[in-house]
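Asker: Here it is, the structure, as structure tokens.
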Amino acid sequence: MKIKHKSKISFALLAIIIILLIAPIVPIILNGKMDKDIALKLLLMAAILVFILHVFLQTSYTIDGGKLKIKSGIFPYRPIEISEIREITKTRSLWSSPAPSFDRIIVKYGKSQSIILSPKDKVAFAKDLCNINPKIVNLVLED
């Protein structure tokens with residue numbers, strides 16, 4: 001049985017990324033000096049923005065049997081054995097991860113491995129994992 005959890009998206013995080021991409025080109029546009037080189041840079045920025053949007057909108061976490069499968073845009077991650085998950089807790093870490101939101105959890109597994117995720121419904125996600133592995137220390141509490 002597969003259970004798919006979509007990722008939560010922080011529009012503030014997306015706005016920061018968009019501003020960082022657009023800020024360098026605003027003065028060029030305001031000067032009105034559009035040439036072939038600038039048009040190429042704008043096209044490149046647009047392509048990067050579309051790619052980032054794709055990653056944000058296509059991040060999901062699938063529980064498939066005894067595995068947690070993580071996909072962020074076109075990037076699949078190595079599946080995690082749910083039997084190896086030790087703990088799930090909230091985190092404020094901003095480390096790069098398949099979590100396009102500021103509202104994140106950290107999943108600790110194996111001896112010392114972890115991954116930061118941002119499921120839309122953290123509580124349901126944690127419960128689904130705990131249903132498969134009741135030994136998981138679930139520190140994700142309802143807000």
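The values are calculated or read from the model by the stated rules, or taken from the named source; none is laboratory data. Since the model is a prediction, treat every value here as computed from it, not as a measurement. Quick reminder, even Gly has a Cβ in these numbers, built from the backbone with ideal geometry, and neighbours come from all protein chains shown.
Asker: Go through (1) surrounded by 12 or more Cβ atoms within 10 Å (Cβ to Cβ); (2) at pLDDT 95 or above one by one and return the number of the condition Lys135 breaks.
Answerer: (1)
Asker: Considering only segment 32-76, how many residues are of a type in the set (Phe, Trp, Tyr), touching a Pro at 6+ places or on another chain (Cβ under 9 Å) and exposed (fewer than 15 other Cβ atoms within 10 Å of the Cβ)?
Answerer: Count: 1.
Asker: Please find, within segment 1-31, the residue that is surrounded by the fewest Cβ atoms within 10 Å (Cβ to Cβ) out of those that are of a type outside the set (A, V, I, L, M) and at pLDDT 80 or above.
Answerer: Going residue by residue through segment 1-31, those that are of a type outside the set (A, V, I, L, M) are 2, 4-8, 10-11, 24, 27, 31.
Going one step further and asking which of them are at pLDDT 80 or above, we end up with 2, 4-8, 10-11.
Working: Lys2: 8, Lys4: 11, His5: 21, Lys6: 14, Ser7: 24, Lys8: 18, Ser10: 17, Phe11: 11.
Per the criteria, the residue is Lys2.
Asker: Next question. Check segment 98-110 and report whether any residue there is surrounded by fewer than 15 Cβ atoms within 10 Å (Cβ to Cβ) and at pLDDT 90 or above.
Answerer: yes
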